[in-house]
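Undergrad: For reference, the structure I am asking about is given below.
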Amino acid sequence: MLINMKQTALALFSGGLDSILAVRIIQKLEITIIPVCFSSPFFDCKKAEKSAEMLGLKSQIRELGEEYLNIIKNPKYGYGKHLNPCIDCHAFMYHKLGEMMPEFKANFLISGEVLGQRPKSQSITGLNTVANHSGYKDFIVRPLCQKLLQDTKPIREGWIDKEELYDIQGKSRKRQMELVKEFKIRDYPSPAGGCLLTDKGYCKRLQDLIDYDMYDLRFIKFLNIGRHFRISKNTKLILGRKKSDNEKLNNFITDDLITLGAENFPGPLGVINCKKELNIDEIKLSAQILLRYITKIKSKSNVRISMGKVQNKVIKVEKLQSGLEKKYLIN
């Protein structure tokens, strides 16, 4: 006898098609679903919020903090192609989701994972490792492929009819497209990944922070903006590539950050990240690199040096010769 009318499930919800379908499958069984999206400096919940609204639900947004940063830096199960520790990441999210069950009086957890869709984290070994490492193995249901997996408590206890779940596996999206038609889902995001930890250029910048002991939220928040230069072992320079970059950088400026800008010429905003006190040579080199990206400046020019957004002084420096910036460019 199935007993599912009073059950509540928390969904690990990215807002992608697979997580949308997993929610719809469980909704069809008249089980209450609460979609939960975890955000971090490496991914946000914009897609999840929009998809949840499309499903008539309100997503719960939870920020992953310093504990999560440590997992990214030192994953137990290693990385994928870049700095994406998918097994450790998914297990950590399941653990946090499991800890939320008492708060929402939830009975079990679901996700949109598909067996074999990703070679490492969604192999049978990967899925089992994620479940074991999460601490909530017996509460996890993966509606899109659960027929291919070992029964967990929600199925054994009759909260869910296993026959109402699916046996989808592999990279093909054919079965998912059939479900899109069945559930009359008209608005869903493309399958493009939203995690910066899978981006080669971004990970090069992130690895630089790790290598120079600057792996900190203060500096991570700048990684997806503009051009990045390694000035010294203690110092980085970020330059806006375009107006929108300058605006983003400007939003991150605090009173303890040194900023640079060419006097009397439009151009990139420069922001210096440093873990120790700056010396004048580091400031001068940063100013020279900044001038390199202003074509109207031919040789020397004045550069404004500000503490936060308050101008402190002006220095005159020689524009760095074309090509020399590559010595310092991180990407």
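The values are calculated or read from the model by the stated rules, or taken from the named source; none is laboratory data. Treat the numbers as computed from the prediction; the structure is a model and nothing was measured. Virtual Cβ from ideal backbone geometry, glycine too; neighbours counted across all protein chains shown.
Undergrad: Against the conditions (1) assigned to a helix (DSSP H, G or I); (2) within 23 Å of the chain's Cα centre (by Cα); (3) closer than 17 Å to GLU318 by Cβ, where does ARG218 fall short? Just the number, please.
TA: Going through (1) assigned to a helix (DSSP H, G or I); (2) within 23 Å of the chain's Cα centre (by Cα); (3) closer than 17 Å to GLU318 by Cβ one by one, ARG218 breaks only (3).
Undergrad: Tell me which of these ASP216 doesn't satisfy, since it passes every other one: (1) exposed (fewer than 15 other Cβ atoms within 10 Å of the Cβ); (2) closer than 30 Å to LEU269 by Cα; (3) modelled with pLDDT of 95 or more.
TA: All conditions pass for ASP216, except number (3).
Undergrad: Okay, moving on. Name the single residue that is farthest from LEU17 (Cα to Cα) among those in the range 87-114 being in contact with a Cys (Cβ under 9 Å, 6 or more places away or on another chain) and of a type in the set (A, V, I, L, M, F, W, C).
TA: Of the range 87-114, the ones in contact with a Cys (Cβ under 9 Å, 6 or more places away or on another chain) are 89, 113-114.
Checking which are of a type in the set (A, V, I, L, M, F, W, C) leaves us with 89, 114.
Working: CYS89: 20, VAL114: 11 Å.
If we take residues in the range 87-114 being in contact with a Cys (Cβ under 9 Å, 6 or more places away or on another chain) and of a type in the set (A, V, I, L, M, F, W, C), then CYS89 is farthest from LEU17 (Cα to Cα).
Undergrad: Give the residues of the range 115-127 that are of a type outside the set (A, V, I, L, M) and either over 22 Å from ILE20 (Cα atoms) or touching a residue at least 12 places away in the same chain (Cβ under 8 Å) (or both), sorted by residue number. Before the answer, list the steps.
TA: So the first thing to find is which residues in the range 115-127 are of a type outside the set (A, V, I, L, M), and the list is 116-123, 125-126.
Listed by number, the residues that qualify are GLY116, GLN117, ARG118, LYS120, SER121, THR125, GLY126.
Undergrad: Please determine whether any residue of the range 60-78 is in contact (Cβ under 8 Å) with a residue 40 or more places away in the chain and of a type in the set (Gly, Ala, Ser).
TA: no
Undergrad: What are the residues in the range 255-301 that are in contact (Cβ under 8 Å) with a residue 40 or more places away in the chain and surrounded by fewer than 17 Cβ atoms within 10 Å (Cβ to Cβ), if any?
TA: Initial filter on the range 255-301 (in contact (Cβ under 8 Å) with a residue 40 or more places away in the chain): 255-263, 268, 271-276, 278, 282, 285-286, 289-290, 293.
Answer for the range 255-301, where residues must be in contact (Cβ under 8 Å) with a residue 40 or more places away in the chain and surrounded by fewer than 17 Cβ atoms within 10 Å (Cβ to Cβ): ASP255, ASP256, GLU263, LYS275, LYS276, LEU278.
Undergrad: With respect to LEU10, determine if the residue is assigned to a strand (DSSP E or B) and surrounded by 22 or more Cβ atoms within 10 Å (Cβ to Cβ).
TA: On the way: assigned to a strand (DSSP E or B): yes; surrounded by 22 or more Cβ atoms within 10 Å (Cβ to Cβ): yes.
Against the criterion (assigned to a strand (DSSP E or B) and surrounded by 22 or more Cβ atoms within 10 Å (Cβ to Cβ)), LEU10 qualifies.
Undergrad: Further question on the same structure: Kindly establish whether ILE26 is closer than 25 Å to GLN207 by Cβ, assigned to a helix (DSSP H, G or I) and assigned by TED's automatic domain parsing to the domain that holds LYS184. Don't jump to the end; show me each part of the working.
TA: Working: closer than 25 Å to GLN207 by Cβ: no; assigned to a helix (DSSP H, G or I): yes; assigned by TED's automatic domain parsing to the domain that holds LYS184: yes.
Criteria not met by ILE26.
Undergrad: Which of the residues belonging to the range 149-193 are touching a helix residue (DSSP H, G or I) at 6+ places or on another chain (Cβ under 8 Å) and of a type in the set (A, V, I, L, M)?
TA: LEU149, ILE155, ILE160, LEU165, ILE168, LEU179, VAL180, ILE185
Undergrad: Next up: Inside the range 200-242, can you point out the residues that are in contact with a Pro (Cβ under 9 Å, 6 or more places away or on another chain) and more than 22 Å from LEU285 (Cα to Cα)?
TA: LEU217, ILE220, LYS221, ASN224
Undergrad: Just checking, does the range 231-243 include any residue being farther than 24 Å from TYR293 by Cβ and either not assigned by TED's automatic domain parsing to the domain that holds ILE20 or not small (Gly, Ala, Ser) (or both)?
TA: no
Undergrad: Checking the conditions here, which among GLU49, GLU30 is under 22 Å from TYR188 (Cβ atoms) and surrounded by fewer than 19 Cβ atoms within 10 Å (Cβ to Cβ)?
TA: On the way: GLU30 fails: under 22 Å from TYR188 (Cβ atoms).
From the options GLU49, GLU30, the qualifying one is GLU49.
Undergrad: Continuing with the same structure: Which of the residues that make up the range 128-186 are among the aliphatic types (A, V, I, L, M) and either over 23 Å from ALA106 (Cβ atoms) or not assigned by TED's automatic domain parsing to the domain that holds GLU99 (or both)? Give the derivation first.
TA: First, the residues of the range 128-186 that are among the aliphatic types (A, V, I, L, M): 130-131, 140-141, 144, 148-149, 155, 160, 165, 168, 177, 179-180, 185.
Correct list: LEU148, ILE168, MET177, LEU179, VAL180, ILE185.
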